[in-house]
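Let me begin by presenting the structure, written as structure tokens, before commenting on it.
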Amino acid sequence: MMRIGFGYDVHGFIKGRPLILGGVEIPFELGLKGHSDADVLTHAVMDALLGGAAKGDLGVFFPDSELAYHNVYSLDLLQKVVGLLQAEGFFCVNLDCTVVAEVPKLAPYRGAMQVNLAEVLGITPQRVNVKFTTSEGLGFIGEKTGIAAYACCLLKEGEMTDD
């Protein structure tokens with residue numbers, strides 16, 4: 001059996017925090033506001049995975065009311081989600097993501113993000129795609145007050161294979 005999962009996340013900018021996307025720290029004067037490290041890309045990926053497995057969303061497993069998740073590194077949470085999926089008999093076949101941001105320029109960090117996500121998912125980086133776009137100056141993203149991310153994954157039930 002194969003399943004598709006879709007995820008979305010958004011965070012506003014804030015001073016005094018690092019900007020982390022796909023587990024990569026991006027040099028920028030602003031970070032993202034959130035209970036964890038506010039890695040919108042990794043959060044969208046987790047929601048896609050959980051959605052594909054019909055397991056709810058990020059807040060079900062990692063509520064922002066839990067002090068244990070304050071400033072937590074989102075790739076560590078992704079590892080927990082992957083473990084949950086494996087226990088249910090699912091693995092990720094491929095992942096496609098889009099980050100929507102006016103600033104900063106993110107393309108130089110694409111490869112590192114793909115490698116980080118692939119490593120945690122247990123797949124090759126060639127099965128992870130990360131794209132970047134702007135909102136053409138429209139809305140809160142266009143006003144440079146935050147970043148959004150979308151993710152879509154294909155999950156397969158059973159044993160992971162190379163094909």
Review point. In straight Cα distance, which lysines are under 27 Å from Lys33, not counting same-chain residues fewer than 8 positions off?
Key: Lys15, Lys55, Lys80, Lys105, Lys131, Lys144
Check your understanding: Hey, what do the phi angles of the stretch 99-106 turn into as Karplus ³J(HN,Hα) couplings, whole Hz, using 6.51/-1.76/1.60 and θ = phi - 60°, x for Gly and Pro?
Key -> 9, 10, 7, 7, 9, x, 5, 10
Revision key, fill the gap. Counting only protein heavy atoms and rolling a 1.4 Å probe, one gets per residue an accessible area for the chain in Å² of 49
Practice item. For every helix of n ≥ 4 consecutive DSSP H residues, a contribution of -39,500 (n - 2.57) applies; sum these over the chain, divide by its total residues, and give [θ] at 222 nm rounded to the nearest 500 deg cm²/dmol. Key: -8500 deg cm²/dmol
Point to revise | FRET efficiency estimate (nearest 0.05) - Cβ-Cβ, Met2 to Glu88, R0 22 angstrom | key: 0.95
**Study point:** Amide H partners (placed H, <5 Å) of Asn94, local residues excluded
**Key:** Leu154
Study note, to complete from the structure: Amide H contacts under 5 Å for Val72, restricted to residues at least 5 apart in sequence or on another chain and with H modeled in the peptide plane, are Asp37
Review point. What nm distance separates the two modelled labels at Thr145 and Tyr73, each placed 7 Å from Cα along Cα→Cβ?
Key: 3.3
Exercise for review: Determine the dipole magnitude for the stretch 30-141: charges of +1 sit on the beta-carbon of Lys and Arg, -1 on that of Asp and Glu, nothing else is charged, the reference point is the Cα centre, and the result goes in debye to the nearest 20.
Suggested key: 280
Review point. In terms of the Cα gyration tensor, with a ≥ b ≥ c the square roots of its eigenvalues, is the chain rounded because a/c is under 1.5, prolate because a/b exceeds b/c, or oblate?
Key: prolate
Practice item. Using only alpha carbon pairs under 8 Å that are at least six residues apart, calculate the relative contact order of the chain and give it in whole percent. Key: 33
Exercise for review: Return a whole-number percent for the relative contact order of the stretch 1-88, with Cα pairs under 8 Å and 6 or more residues apart as the contact set.
Suggested key: 30
Exercise for review: Mind pulling the angle between the C-alpha long axis of helix 40-52 and the longest principal axis of the chain? Nearest 10 degrees, somewhere in 0 to 90.
Suggested key: 30
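The values are calculated or read from the model by the stated rules, or taken from the named source; none is laboratory data. Please read these numbers as outputs of a predicted model, since none were measured by experiment. Virtual Cβ from ideal backbone geometry, glycine too; neighbours counted across all protein chains shown. These accessible areas exclude ligands, DNA and RNA; they are computed on the full protein's heavy atoms, side chains included. Shrake-Rupley method; radii C 1.70, N 1.55, O 1.52, S 1.80 Å.
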